[in-house]
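Participant: Got a structure for you, questions after.
The values are calculated or read from the model by the stated rules, or taken from the named source; none is laboratory data. Since this is a predicted model, take the numbers as computed values, not measurements. Protein only, heavy atoms only, side chains kept; ligands, DNA and RNA dropped before computing areas. Shrake-Rupley method; radii C 1.70, N 1.55, O 1.52, S 1.80 Å.
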Amino acid sequence: MQKCLLLAIFAALLHAPTARSEANKSTRPSAAVALIREMNLARQHPDVYARFLEELRKHFHGKTLVLPGRPKHRTREGIGAVDAAIRFLRRTRPSRPLILSPGISMAAAEHVADQADGSLGHSGSDHSSPGDRMNRHGIWSARCGENISYGIATARDVIIALIIDDGLRARPHRENIFNPAFNYGGAAAGPHARYDTVCSMEFAAGYAEGTSKSRSHFARN
């Protein structure tokens, strides 16, 4: 049975957005590499990410995050969500890295470009699903997933926010990142009219890349 797990964060959960001009500097391939690299760091070395979060928790005052040089940010759960994420990371065993897929990254890039006007969610303007978009550049199998974040510009900040998953008790974004069933991943980032930045991250248990034409288009853009 094939299924696709779709999850989105609709605001800057932990970090204030950077200037849109900074977001525009990211190319599709470099954004994909950075986001997949950070997810793989978390998957292979959860203890390292636990230390990142332990440093972050020092900047909480109740439910308010106060980072140097950034506006104060009111979180939903406060330090409790950070502590829960740290406990998760401390008990999680290392897992194999995601394989960066050009085809899946192209699917992510299409959705990022489609949402530049300020659109939200997993459905494309053509009513495509994440699985539909991945199948334009290859074929996914078994299961797929998608995480989307809005308003967070750097790869590490995106992954930290998704791992903490503030306000979502089931922590579904974290589950996608650490899901051992996922073997392939792709990602993209770009400007967003409402939240300055949108990042789309796609996952698949199995993925057969499409034509060399799709791969060469990804490499050029």
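Participant: Given a 1.4 angstrom probe, I'd like the percentage of the accessible area of the range 29-94 that is carbon and sulfur, rounded to a whole number. Write out the running numbers ahead of the final one.
Facilitator: Values: 1870 of 3600 Å².
Ligands and nucleic acids excluded, carbon and sulfur reach 52 percent.
Participant: Over the range 99-212, what percent of the accessible surface lies on carbon and sulfur atoms, probe 1.4 Å? Numbers along the way, then the final one.
Facilitator: Details: 1960 of 3600 Å².
Here it works out to 55 percent.
Participant: Contact order normalised by length for the range 84-169, with contacts defined as Cα pairs under 8 Å and 6 or more residues apart; what percent is it? Walk me through the numbers before you get to the answer.
Facilitator: Details: 36 pairs, mean separation 25.1, N = 86.
That works out to 29 percent.
Participant: Oh, and also: With the Cα gyration tensor of the range 68-185 giving a ≥ b ≥ c as the square roots of its eigenvalues, does the rule (a/c under 1.5 for rounded; else a/b larger than b/c for prolate; else oblate) give rounded, prolate or oblate? Could you put the intermediate results ahead of the total?
Facilitator: Numbers: a/c = 2.20, a/b = 1.34, b/c = 1.65.
Judged from the Cα gyration tensor, the range 68-185 comes out oblate (a/c at least 1.5, b/c at or above a/b).
Participant: How much accessible area per residue does the range 44-87 have, in Å², with a 1.4 Å probe? Don't jump to the answer; show the numbers that get you there.
Facilitator: Values: 2530 Å² over 44 residues.
About 58 Å² of surface per residue is accessible.
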